[in-house]
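The values are calculated or read from the model by the stated rules, or taken from the named source; none is laboratory data. No experiment lies behind these values; they were computed from the predicted model shown. Cβ: placed from backbone, ideal geometry, glycine included. Neighbour counts: every protein chain shown.
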Amino acid sequence: MTFDDMKTFNGQKYTGMPVGLSHHWNYPNGDWEETKISPDLWKIRFSSLKTRKTPAPEGSGVPLNTSYHWYIMADQQVTKTTKDDYQTVMQGLKFKVGHKRPYWKNWSYGYEDQQTYRQKVIGILQSTLQQLLLEEAAENPRSPVLNPDLSIEDLNFHFKLKKLFE
């Protein structure tokens, strides 16, 4: 099976790496910049050349100069270990927003009949918020952040969706 072969996952057709496989990357020259913009909010920027920890299989992957646009939601936990160092762990989800083949002028979301970048991100945020609210309802039904109109159908949908993320 090659990268461009059509694949299906839960009824969704796609190309690319098969669901269930994984990459392991090194970011040896990562540059993280952050600016505090309110008491509990920072603006961040990370830049790095990422390299595979193990070489790609021969003939795999996309053509050179293919680009991807991801929206990342993550938890970051840091522990100060010296006056200048912090041990950092980040984990979360990365959502594909778009891609750009080497011969395309625009990102995939820049073409007619495609959701725009903003529409895709709004959908990601709405879906994630809905999942968090359903998890909160299952674990803490009297939580003040909940909408009292959640139905048993919503909860059943949540548990099916949650299995996809485990």
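Here are a few things to note about the model shown:
- Here Gln115 does not qualify as touching a Leu at 6+ places or on another chain (Cβ under 7 Å), within 30 Å of Thr15 (Cα to Cα), at pLDDT 85 or above and surrounded by 11 or more Cβ atoms within 10 Å (Cβ to Cβ).
- Residue in the stretch 11-21 that is surrounded by 10 or more Cβ atoms within 10 Å (Cβ to Cβ), of a type in the set (Lys, Arg) and out of contact with any helix residue (DSSP H, G or I) (no Cβ under 8 Å at 6 or more places or on another chain) present: no
- Any chance Val121 is at pLDDT 95 or above and in a strand (DSSP E or B): no
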